[in-house]
Amino acid sequence: MKPLRILIAAETYPPDVNGAARFAERLATGLVGRGHEVHVVCPSPTGPPSRETRDGVVVHGVRSHRYFMHPDFQVCMPWESGPATAALMEAINPDVVHTQAHMVVGRGVVKAAHRTGRPLVATNHLMPENLIAHSPIPRPLKAIAYRAAWRDLGRIFGLADVVTAPTPRAVELLHRSARLTHAFPVSCGIDADRYSAASPTPDAVPTVLFVGRMDQEKRVDELIRAFAGLPEGLPAALEIVGDGARLAEWTALAAGLGLGDRVTFRGFVSEDELLDAYSRAAVFCMPGVAELQSLVTLEAMAASTPVVAADAMALPHLVRPGRNGWLYTPGNVPELTTRLAALLSDADLRRRMGAASREIVAEHAIGATLARFEDIYRDLLGRGRVRVRSVA
């Protein structure tokens, strides 16, 4: 088949470190690997407009500015990104447009694609509540802001020919909160072989691993408190990978609980260092309550690691209680302690559950995700009806 020219819009893209950025990169590089010409439009990582080619993907950076409430984020101004994205749409002249966002860069791309009649696919990775948490909106007004933000998301993504989200739970949110009743699930997918790893050294102290942003919705403080409550004499270590606004606060919490060198905060790490962390882990824990899929949980599962996760949002799609790990009630620290202790004290159980994690990951193969989006793009270009089937 003829290769396509595809424009992907993203509000966050590497070197940013988060699930949406990692998926946008995997999608872009994966499509290049399948023979397509791929352009990404995203905020410039340095501020001024930029253009570079990374792994075969042409990355166009729109002028951006450091966000004052979250120094790790670069954001674009609508009056700058609107004209810039419209100009890029004309210059690139894509066959199909796939936006990963609706805020500023994504909004500009959506409007330009809609205005010029180009096939448009939209994938949602955002819960507006998470974004508003980093805004100066007064607490009493936040409930109103949440509803308005979901309506706005629905209005922008309502211009798309096809709307997807990573999991059935994420689709439910779009149906209920954004009134996007035609949305359907397509998993973000994962290259499981990349995360295959040898089992931790049998005589090593079992390590609990968390990977993610150090922001409130991740609830890492619950994990630290639960770890502090483990039975005395049970050998265990805790490794926390990631950076963010709460890093200093949670580092102080661990010190105040007397955890000392039993807890290691790694901060931002390279991809190779992350692979090493997955290889070392005996148990992976995801206490976050706002995961629309959780790529890091999938990555840990691909490394044959059992998982203990909050019973919230999309995590129950990944964790099968008693098979590859356990779910716990968010906020219930003693329950989390009990689940961690059960795995840390039983190496045979960890091996069985880790093997089950690896089996479950097969349902989320990146090849199936890429093929699904290729089908969607070609169906739209052929003016046929999109076949609503999911890879989730």
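The values are calculated or read from the model by the stated rules, or taken from the named source; none is laboratory data. These figures come from a predicted structure and were not determined experimentally. Here the Cβ positions follow ideal geometry from the backbone for every residue, glycine too, while neighbour counts run over all protein chains shown.
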*asked:* closer than 28 Å to L27 by Cα, crowded, with 23+ Cβ neighbours inside 10 Å and touching a residue at least 40 places away in the same chain (Cβ under 8 Å): is that true of A303 in this structure?
replied: yes
*Out of the stretch 1-12, which residues are β-branched (V, I, T) and outside any loop (DSSP other than H, G, I, E, B)?*
I6, I8
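Residue-wise test of (1) exposed (fewer than 15 other Cβ atoms within 10 Å of the Cβ); (2) modelled with pLDDT of 95 or more; (3) among the small types (G, A, S); (4) on the phi < 0 side of the Ramachandran plot.
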site: R320; (1), (2), (3), (4): no, yes, no, yes
site: W326; (1), (2), (3), (4): no, yes, no, yes
site: P330; (1), (2), (3), (4): no, yes, no, yes
site: P334; (1), (2), (3), (4): yes, yes, no, yes
site: G354; (1), (2), (3), (4): no, yes, yes, yes
_One residue from H182, H175 being assigned by TED's automatic domain parsing to the domain that holds A21, surrounded by fewer than 21 Cβ atoms within 10 Å (Cβ to Cβ) and in a loop (DSSP other than H, G, I, E, B)_ = H182
*Can you find a residue in the stretch 126-141 that is at pLDDT 90 or above and more than 20 Å from the chain's Cα centre (by Cα)?*
no
*asked:* Cβ contacts < 6 Å: first residue in the same structural domain as K218 (by TED's automatic domain parsing), restricted to the stretch 240-259; second residue basic (K, R), any location; separation 6+ or different chain. Result?
replied: V241/R266; G242/R213; G244/R213
